[in-house]
1. Determine if the range B:67-84 includes at least one residue that is assigned to a loop (DSSP other than H, G, I, E, B) and over 32 Å from the mean Cα position of the chain (by Cα).
2. Restricting the first residue to the range A:357-382 and requiring it to be closer than 30 Å to B:Asn346 by Cα, which pairs with a second residue that is modelled with pLDDT under 75 and part of a loop (DSSP other than H, G, I, E, B) meet a Cβ separation below 6 Å and a spacing of at least six or different chains?
3. Given the criteria in contact with a strand residue (DSSP E or B) (Cβ under 7 Å, 6 or more places away or on another chain), of a type outside the set (Gly, Ala, Ser) and more than 19 Å from B:Phe47 (Cβ to Cβ), does B:Val214 qualify?
4. In the range A:96-114, is there at least one residue being crowded, with 20+ Cβ neighbours inside 10 Å and under 13 Å from A:Tyr18 (Cα atoms)?
5. Just give me the residues in the range B:160-181 being more than 14 Å from chain A (Cβ to nearest Cβ), more than 14 Å from B:Leu218 (Cα to Cα) and buried (at least 21 other Cβ atoms within 10 Å of the Cβ), in sequence order.
6. Can you find a residue that is in contact (Cβ under 8 Å) with a residue 12 or more places away in the chain, surrounded by 20 or more Cβ atoms within 10 Å (Cβ to Cβ), outside the structural domain of B:Gly358 (by TED's automatic domain parsing) and outside any helix (DSSP H, G or I) anywhere in the range B:201-210?
7. Which residue out of A:Ala282, A:Ala276, A:Ala290, A:Ala272 is out of contact with any Ser or Thr (no Cβ under 7 Å at 6 or more places or on another chain) and closer than 19 Å to A:Pro327 by Cα?
Amino acid sequence: MADDAGCTILHVDMDAFYASVEVRRRPELRGKPVVVGGAGPRGVVSSASYEARKFGIRSAMPGAQARAKCPHAIFLPVDMREYAQASRSVMAIFRDVTPLVEPLSVDEAFLDVAGAQRLFGSPAEIGAHIRRRMTQELRLTCSIGVAPNKFLAKLGSTRAKPDGMLVIPAAKTLEFLHPLPISALWGVGERTAETLRRLGLSTIGDVAAAPIGMLRGAVGQALAAHLHELSWARDSRRVSTERVEKSIGTETTFDVDVDDVSRLRRTLLALAQEVAVRARSARMSGRTIAVKVRFGDFRTISRSRTLPGPTDVAHEIFQVAWELFEPARGGEKIRLAGVRLENLVTTGTRQPVLGEPEHSWRDAELATDAVTAKFGKGVVGPASLVRRRPPDELSNRRAPS
Amino acid sequence: MKFRVERDALADAVAWTAKSLPSRPSVPVLAGAMLRVSDGRLHVSGFDYEVSNQVDVDVQADADGATLVSGRLLAEITKALPAKKPVEIAAVGSHLELVCGTARFTLPTMPVEDYPTLPELPASAGTVDAATFASAVAQVAMAAGRDETLPMMTGVRIELSGEGLALLATDRYRLAVREITWTPGDPDFSANALVPARTLADTAKTLGPLGGEVTIALSGSGTGEGMIGFVGGTRRTTSRLLDGQSYPPVRSLFAPSYTSEARVPVAALTEVVKRVSLVAEKATPVRLSFSDDGLVVEAGGVEEARASEAMEATYSGDSITVAFNPQYLVEGLGALNAPTAVFSFNDPVKPAVITPAGDDGAVIEGFRYLIMPIRVGR
């Protein structure tokens, strides 16, 4: 067994989670290319079985493209309820091992197993134990990275996929890390990767050897320090069980690109409404309102504005979102619109604008929350979001004069 | 082009024109300061298509001509030159030679013919006392918004009506209004203009200490195409106006009357608010409780750090607790330019007014600061 001393962080990632859950309940699909999501003209692939991946199908790929790559794949609708159920069982297994579980999404989590070793053995033994329980109890497979820190553990699970485990011994971290491409660094997206490549840096080892001043000049102080630390396999983030919501956001993709102003207004209002309701139910308010606009050609831009005080009012979120959204759109047709509330704090105080009436939109919205809690969703809401009755029906109801 | 000029005069002129130059110019020539010599005077100018600054300096001219050099670099150089020494400047081929005492600089120049024509100064509308104008602008400009996504709020609205000159600025959370008098060219003159607050503040700050009168020049007011100009001494600035056609009717935010009133020493309150708000996290309020016993200023919550301090204040009305963004409060107090602040309230959730008063408590007319309280709890 590899030397796993000090490798107390595990990253566990379920293999093709949604697809695997579907296969589990419909065994006849086993061994076949299965794709979850991607229905409708604008749907994207949520998950693809490894058989489907052989045809080049990937997550987030437009459904039409996936169908073109593998016409005989089995396309299934997303059944979030089923996956959430499966996710709870997965997380329960993690929590049997250690209370220090930090879920990253429904199908992956970091585990700190330092304190679990006396009960369950060495970190690698714990990893093997988790993999065994997954297959025996849940009939699902997962991949596990075992390493001294989160960054390496996550790299490990990626390299172990599918259905595998990789231990990165503390003494061999640099040997493992330095040959990897810079894109494997956490925080390096396409743009940063391009910047680094222009400096002649292509591997993590190159970044580690680069003078910090050169990195700073290229990517700025904060990111340079971050990348330098990571390139030397240093990552001091702890496994945190408290999930702190950093933002509350939602977005929608139109079936057909839209440039109708009143339709876009209603969409933004509905998005703002959803964000505000979620914020209020979490007792959170945010100071920053951000919008996302994706054009027909997938060009995507974001705009944000920070208010002097936090808000959880849909009306305010909408006002700001719309003021940001329309100029950003510049009259073009768009494919996707998103609204996000950031810079969250626990709701307490609120800076209203001058001249705001005493009985504010917030009061109205709180009343709406109360009605919704009692009678269900859609009973009350903004008038412009009420589906219009066809005009003839209206005229039929009008009494003759 | 060749001339000799006094060091301080040159440094001042260049520093001022360079201030308006864009740091990332759309075309390289816009980063330039234009130096033009004719009739024994040096004319320095800078322009970024929004704002132009021009100033004339007396020089000992040996040869007329014009040259264009990096404004920022020239400003840094002239600032660092040895004091009290004359500066000699000459255009030599595609370079500018600058000699001051034992220091010698050679700067590359940019093609003069590529430089855009500066906008003409609009027709003069009237004049205002420079010092009064400068202090009035300083009183309101800080209330303007800084958020470029709300351009209308980043301006100071100038309302000219007969002999009245009013300056208004608001970021939607507080509003500052200053009313002064000026001398219009035409006694019935009436116009409104929305001027970028930063440009106006910089201009007024420069023109104020020069003393005398500032000429206000205006064209096409009320539309985004309009332009305003300010002339004081040998300096002149033009700025494009912001579109202020739909500027909200902010004066109606002042209530016709108020039910309670407090008088507080400005310096003491400013200190107390600054001290107490040390425990107030970003965007959390300070609370002011007024009663017959005086004023208590508090900040912080139940679980976090807390602070409170009592101070003397004269108050008439029912006891009231009002919460403010400490920054808005401190900036408003700072803009009063008076020893006493008069707070007027109707309700803890309605806008409060702060006006300046003398040591005797008598209100000094002409400035009002409206501030929207923060709503606490719920």
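1. Just the residues of the range B:67-84 that are assigned to a loop (DSSP other than H, G, I, E, B), to begin with: B:81-84.
Filter again for over 32 Å from the mean Cα position of the chain (by Cα), leaving none.
There is no residue in the range B:67-84 that is assigned to a loop (DSSP other than H, G, I, E, B) and over 32 Å from the mean Cα position of the chain (by Cα).
2. Short answer, once both residue conditions are applied: A:Thr368/A:Val380.
3. On the way: in contact with a strand residue (DSSP E or B) (Cβ under 7 Å, 6 or more places away or on another chain): yes; of a type outside the set (Gly, Ala, Ser): yes; more than 19 Å from B:Phe47 (Cβ to Cβ): yes.
Answer is yes for this residue.
4. Yes: the range A:96-114 contains one or more residues that are crowded, with 20+ Cβ neighbours inside 10 Å and under 13 Å from A:Tyr18 (Cα atoms).
5. Of the residues in the range B:160-181, the ones more than 14 Å from chain A (Cβ to nearest Cβ) are B:160-167, B:178-181.
Subsequent filtering for residues that are more than 14 Å from B:Leu218 (Cα to Cα) retains B:162-164, B:166-167, B:178-181.
Within the range B:160-181, B:Leu167, B:Arg178 qualify.
6. First, the residues of the range B:201-210 that are in contact (Cβ under 8 Å) with a residue 12 or more places away in the chain: B:201-210.
Narrowing the set further to residues that are surrounded by 20 or more Cβ atoms within 10 Å (Cβ to Cβ) leaves B:201-204, B:206-208.
If we keep only those that are outside the structural domain of B:Gly358 (by TED's automatic domain parsing) as well, we get B:201-204, B:206-208.
Add one more test, that the residue is outside any helix (DSSP H, G or I), and what stays is none.
Within the range B:201-210, none of the residues are in contact (Cβ under 8 Å) with a residue 12 or more places away in the chain, surrounded by 20 or more Cβ atoms within 10 Å (Cβ to Cβ), outside the structural domain of B:Gly358 (by TED's automatic domain parsing) and outside any helix (DSSP H, G or I).
7. Numbers: A:Ala282 fails: closer than 19 Å to A:Pro327 by Cα; A:Ala276 fails: closer than 19 Å to A:Pro327 by Cα; A:Ala290 fails: out of contact with any Ser or Thr (no Cβ under 7 Å at 6 or more places or on another chain).
Only one candidate qualifies: A:Ala272.
Yes or no, residue by residue, for (1) charged (D, E, K, R); (2) free of Cβ contacts under 8 Å to residues at least 40 places away in the same chain; (3) within 20 Å of B:Asp39 (Cα to Cα):
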{"site": "B:Leu68", "(1), (2), (3)": "no, no, yes"}
{"site": "B:Ile77", "(1), (2), (3)": "no, yes, no"}
{"site": "B:Leu81", "(1), (2), (3)": "no, no, no"}
{"site": "B:Thr102", "(1), (2), (3)": "no, yes, no"}
{"site": "B:Phe105", "(1), (2), (3)": "no, yes, no"}
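The values are calculated or read from the model by the stated rules, or taken from the named source; none is laboratory data. Given the structure is predicted, the values throughout are model-derived calculations rather than measurements. Neighbour counts run over all protein chains shown; Cβ positions are idealised from the backbone, glycine included.
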